[in-house]
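Here's the structure we're looking at; comments come further down.
The values are calculated or read from the model by the stated rules, or taken from the named source; none is laboratory data. Keep in mind the model is a prediction, meaning the values are calculated, not measured. Heads up, the Cβs are rebuilt from the backbone with ideal geometry, glycines too, and the neighbour counts pull from every protein chain shown.
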Amino acid sequence: MEKRKRLKIGIFMDSFYPAVDGVVLVIDNLAKMLAKFNDVTLVVPETSTSNEDFMRPYNIIRVKSISVPFTEYKLGMNYAKLSKPFKDLLKEDFDVIHIHSPFSVGKLGLKVAKALNIPCIATMHTRFDFEIRRVVNNKIIVNQIIKKLIKVYNDCDDCIAVNHAMQGVFRDYGYKRIPIVIYNGTDLLPLTDKENNIKKVNKLYDLDEKDVVFLFVGRIIDIKNIFFILDSLKLLKEDGFKFKMLYVGTGPNEKELKEKIKKYNMQNEVIMTGRITDRVLLSSIYARADLFLFPSLFDASSLVQIEAAINETPGLFIEGSVTSDTVVNNISGFTSKLDTNAYKNRIIEIMNDEKKLKKVSKNAREMLGKNWKTIADETYELYLKEIERKKSE
């Protein structure tokens, strides 16, 4: 550790606390681990509540921003080259810049890197076409937006895909090279007192210790196929299968989901917990669940599937989805066709084979549970490689 070259690292991202999503958690955990042996500065949009910035092991620079309507997000400003804030960023004298989005703050990071003649590396965390299609119902316009976004990645020195399937997404979007794969990690640790923590979850949500429990963790938003889960579980209930389902999280489609739960008369089966920030409680919920239901086609490599795996709770994904790329069917997780009846039948098949479920649960922990130290080390090595390559140009 002492022999490592200490780098000045700039991480640029278009969202950060107090907004919370998977990418924010990725950046926070990566920055904390890199800061153990580097000088790390995050450049993110300003907010009215940024007191926690002083409690972190890395520096934070907030750029001026505007609120994004109907969301908790802020859109940061891409400062002009002659502006004082831009010149102040140049004085940070970064060795390398790592951007985590292709929007205004990401573009600012790329611009700073070019001005300093240092490497700019980019990670793509999201399938942008899914997000864009939610608000733009025109294929030509969607393709034009994607074309502009991928230009940012093509202008970087190297790019990171969070799994091998995302390499294909890069290619489909028009990326001209082959991105390096560096998986996401997790900061969650396996429970030290699993039995008592599971009892606490049972008491908190009025679960019987014999209840079969399914789980979803994430934004309560339609693009994560939250309604597909409920539709599949409705069929499961109609088959006479007894279960409890926990939705953990908040999001823009909470009201619609609650209404549909009521419409299906599934109030006794489905529990919506809201957002859970207590990491021990969250680990306990993962550990209590028998199966993690994650049929999202939107996610690239979600942290929640790794968090579930750490707690020996395997996931049921959609075959061919990007996020299912991290698992091997029937070995470290499960897959199903994108069909509610097929998904329902797969749940029954999995739960009826207790021996296989137990084996897959243990494999999930062993095969998917990477920690952030490993991820930070891999990222650091990429930084060094690009810095040396840049010097030789």
If residue 364 meets every condition in (1) in a helix (DSSP H, G or I); (2) at pLDDT 95 or above; (3) closer than 27 Å to residue 250 by Cβ apart from one, which number is that one? (2)
Residue set 160, 146, 141; condition within 23 Å of the chain's Cα centre (by Cα), in the same structural domain as residue 114 (by TED's automatic domain parsing) and surrounded by fewer than 19 Cβ atoms within 10 Å (Cβ to Cβ); output residue 146
Residue 214 being in contact (Cβ under 8 Å) with a residue 60 or more places away in the chain, touching a helix residue (DSSP H, G or I) at 6+ places or on another chain (Cβ under 8 Å) and among the aromatic types (Phe, Trp, Tyr): yes
Residue among 306, 276 that is under 18 Å from the mean Cα position of the chain (by Cα), of a type in the set (A, V, I, L, M, F, W, C) and surrounded by fewer than 19 Cβ atoms within 10 Å (Cβ to Cβ): 276
Residue check: is residue 169 over 18 Å from the mean Cα position of the chain (by Cα) and either at pLDDT 95 or above or aliphatic (A, V, I, L, M) (or both)? no
Total residues in the range 324-338, condition within 15 Å of residue 296 (Cα to Cα), surrounded by fewer than 23 Cβ atoms within 10 Å (Cβ to Cβ), free of Cβ contacts under 8 Å to residues at least 40 places away in the same chain and not β-branched (Val, Ile, Thr): 1
Test of understanding: among 230, 207, which residue is in contact (Cβ under 8 Å) with a residue 60 or more places away in the chain, in the same structural domain as residue 347 (by TED's automatic domain parsing) and either assigned to a loop (DSSP other than H, G, I, E, B) or crowded, with 16+ Cβ neighbours inside 10 Å (or both)? 207
Exception for residue 152 within (1) hydrophobic (A, V, I, L, M, F, W, C); (2) in contact with a Pro (Cβ under 6 Å, 6 or more places away or on another chain); (3) not in a helix (DSSP H, G or I) falls at (3)
Hits in the range 1-53 - residues which are at pLDDT below 85 and part of a helix (DSSP H, G or I): 22, 51, 52, 53
Hey, among 184, 197, which residue is on the phi < 0 side of the Ramachandran plot, in contact with a Ser or Thr (Cβ under 7 Å, 6 or more places away or on another chain), surrounded by 16 or more Cβ atoms within 10 Å (Cβ to Cβ) and in a loop (DSSP other than H, G, I, E, B)? 184
I'm told residue 309 meets every condition in (1) of a type outside the set (D, E, K, R); (2) in the same structural domain as residue 233 (by TED's automatic domain parsing); (3) modelled with pLDDT of 95 or more except one. Can you identify the failing condition by its number? (3)
